[in-house]
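Visitor: Before I ask anything, here is the structure I am working with.
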Amino acid sequence: MEYYFDNPIEEVMRTQLAMRHLLPDPVDDELLLHLVDLAIRAPSGKNQQKWEFIFLKDRGKVAEVGRLNRRVVNLVKPFLKDRGSKMIRGFLAQAEQFDETPVVCVPCVWGWPACGPMLYTSSLFGSIYRAVQNLMLAARAAGLGTTLTTVPLWNCWKLKRILGLPWNLTPVCVLPMGWPVKRFRPNTRAPAIESFHLDGYHRS
């Protein structure tokens, strides 16, 4: 089966949202493979391609990652301000419903960030995060909802055991994925001019 992505790239970017409410409907493995094929088109330092993409569909493993996620969410919940906001409601709902997530993707990079200076760490994550964004944009173009979270990484060694990773393969984020409950719509951002600086930082 082949998949075609006809959405203009600008439309995909302008409608990319954190989709935390997902349907339980299954996602085809061939589509996931196609997303990875697009993800790895990202530039890679020295073309080393030091990335791996772990997709979890096994309900037991998804539930284990969900428990890791809820440990932190339940810890910070009493301190969250404005719990009535849309973002906070979605954040809490996703944690509660994590076990029903159809697919959980865990992008990983070969290497261990603790073993070198900041330059090494920055270089290590530089390529993989470009590939992650590629994957998320491709998922959006296919109609899939995703959210990037690093909450389950609070216990990286536990997450590595769930995934069966060797010691030097490092998970960098967790992407719950599935068909979204709500439709995509234009995202809202501050005007670009507020983040635009020429020849140095300037703030009036």
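Visitor: Just for the range 150-204: of the residues that are among the polar types (S, T, N, Q) and without any contact (Cβ under 8 Å) to a residue 12 or more places away in the chain, which one is nearest to Asp58 (Cα to Cα)?
Guide: Here the residue is Thr188.
Visitor: For Trp167, all conditions in the list (1) within 30 Å of Ala95 (Cα to Cα); (2) out of contact with any helix residue (DSSP H, G or I) (no Cβ under 8 Å at 6 or more places or on another chain); (3) at pLDDT below 95 hold save one; what is the number of the exception?
Guide: (2)
Visitor: Which residue, of Ile162, Ile193, is outside any loop (DSSP other than H, G, I, E, B) and in contact with a strand residue (DSSP E or B) (Cβ under 9 Å, 6 or more places away or on another chain)?
Guide: It is Ile162.
Visitor: Search the range 34-49 for residues that are within 9 Å of Ser127 (Cβ to Cβ) and pair each with any residue that is in a loop (DSSP other than H, G, I, E, B) when their beta-carbon atoms are under 8 Å apart and the residues are at least 6 apart or on different chains.
Guide: The qualifying pairs are Ser44/Lys50; Gln49/Ile40.
Visitor: Give the range 28-62 a look and list any residue that's under 15 Å from Val132 (Cβ atoms), in a loop (DSSP other than H, G, I, E, B) and touching a strand residue (DSSP E or B) at 6+ places or on another chain (Cβ under 8 Å), or say none.
Guide: Once the filter is applied, which keeps residues that are under 15 Å from Val132 (Cβ atoms), in a loop (DSSP other than H, G, I, E, B) and touching a strand residue (DSSP E or B) at 6+ places or on another chain (Cβ under 8 Å), the range 28-62 yields Ile40, Ser44, Lys50.
Visitor: While we're looking at this one, here's another question. Taking the condition surrounded by 11 or more Cβ atoms within 10 Å (Cβ to Cβ), over 15 Å from Leu135 (Cα atoms), touching a strand residue (DSSP E or B) at 6+ places or on another chain (Cβ under 9 Å) and not aromatic (Phe, Trp, Tyr), does Asn74 pass? Spell out how you get there, then give the answer.
Guide: On the way: surrounded by 11 or more Cβ atoms within 10 Å (Cβ to Cβ): yes; over 15 Å from Leu135 (Cα atoms): yes; touching a strand residue (DSSP E or B) at 6+ places or on another chain (Cβ under 9 Å): no; not aromatic (Phe, Trp, Tyr): yes.
No.
Visitor: Shifting gears a bit: What do you reckon, is Leu68 within 17 Å of the chain's Cα centre (by Cα), surrounded by 15 or more Cβ atoms within 10 Å (Cβ to Cβ) and more than 19 Å from Trp179 (Cβ to Cβ)?
Guide: Details: within 17 Å of the chain's Cα centre (by Cα): yes; surrounded by 15 or more Cβ atoms within 10 Å (Cβ to Cβ): yes; more than 19 Å from Trp179 (Cβ to Cβ): yes.
Yes; evaluated as a whole, the condition is true for this residue.
Visitor: Would you mind finding the one in Lys57, Lys77, Lys61, Lys158 that is among the charged types (D, E, K, R), modelled with pLDDT under 95 and out of contact with any Cys (no Cβ under 9 Å at 6 or more places or on another chain)?
Guide: None of the others qualify; the one that does is Lys77.
Visitor: From the list Lys46, Lys81, Lys57, which residue is basic (Lys, Arg), surrounded by fewer than 17 Cβ atoms within 10 Å (Cβ to Cβ) and at positive phi?
Guide: Just a single option satisfies the conditions, and that option is Lys46.
Results for (1) modelled with pLDDT under 95; (2) within 20 Å of Thr15 (Cα to Cα); (3) among the aromatic types (Phe, Trp, Tyr); (4) under 15 Å from the mean Cα position of the chain (by Cα), shown as yes or no for each residue.
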{"site": "Cys105", "(1), (2), (3), (4)": "no, no, no, yes"}
{"site": "Cys108", "(1), (2), (3), (4)": "no, no, no, yes"}
{"site": "Leu124", "(1), (2), (3), (4)": "yes, no, no, no"}
{"site": "Ala131", "(1), (2), (3), (4)": "no, yes, no, yes"}
{"site": "Leu137", "(1), (2), (3), (4)": "no, yes, no, yes"}
{"site": "Arg189", "(1), (2), (3), (4)": "yes, yes, no, no"}
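Visitor: Give the range 108-133 a look and list any residue that's in a helix (DSSP H, G or I) and either on the phi > 0 side of the Ramachandran plot or surrounded by 19 or more Cβ atoms within 10 Å (Cβ to Cβ) (or both), or say none. Steps first, please.
Guide: At the first step, the residues of the range 108-133 found to be in a helix (DSSP H, G or I) are 113-115, 118-133.
Matches in the range 108-133: Leu124, Ser127, Ile128, Ala131, Val132.
Visitor: Right, something else. Considering each of Thr170, Thr188 in turn, give the residue that is more than 20 Å from Leu33 (Cβ to Cβ) and assigned to a loop (DSSP other than H, G, I, E, B).
Guide: So the residue among Thr170, Thr188 that is more than 20 Å from Leu33 (Cβ to Cβ) and assigned to a loop (DSSP other than H, G, I, E, B) is Thr188.
Visitor: Please go through (1) more than 23 Å from Ile128 (Cα to Cα); (2) without any contact (Cβ under 8 Å) to a residue 24 or more places away in the chain; (3) under 19 Å from the mean Cα position of the chain (by Cα) for Leu22 and return the number of the only condition it doesn't satisfy.
Guide: Checking Leu22 against (1) more than 23 Å from Ile128 (Cα to Cα); (2) without any contact (Cβ under 8 Å) to a residue 24 or more places away in the chain; (3) under 19 Å from the mean Cα position of the chain (by Cα), the one that fails is (2).
The values are calculated or read from the model by the stated rules, or taken from the named source; none is laboratory data. Computed from a prediction, not measured in an experiment: that's the story for all the values here. As a convention, Cβ positions derive from the backbone with ideal geometry for all residues, glycine included, and neighbour counts pool all protein chains shown.
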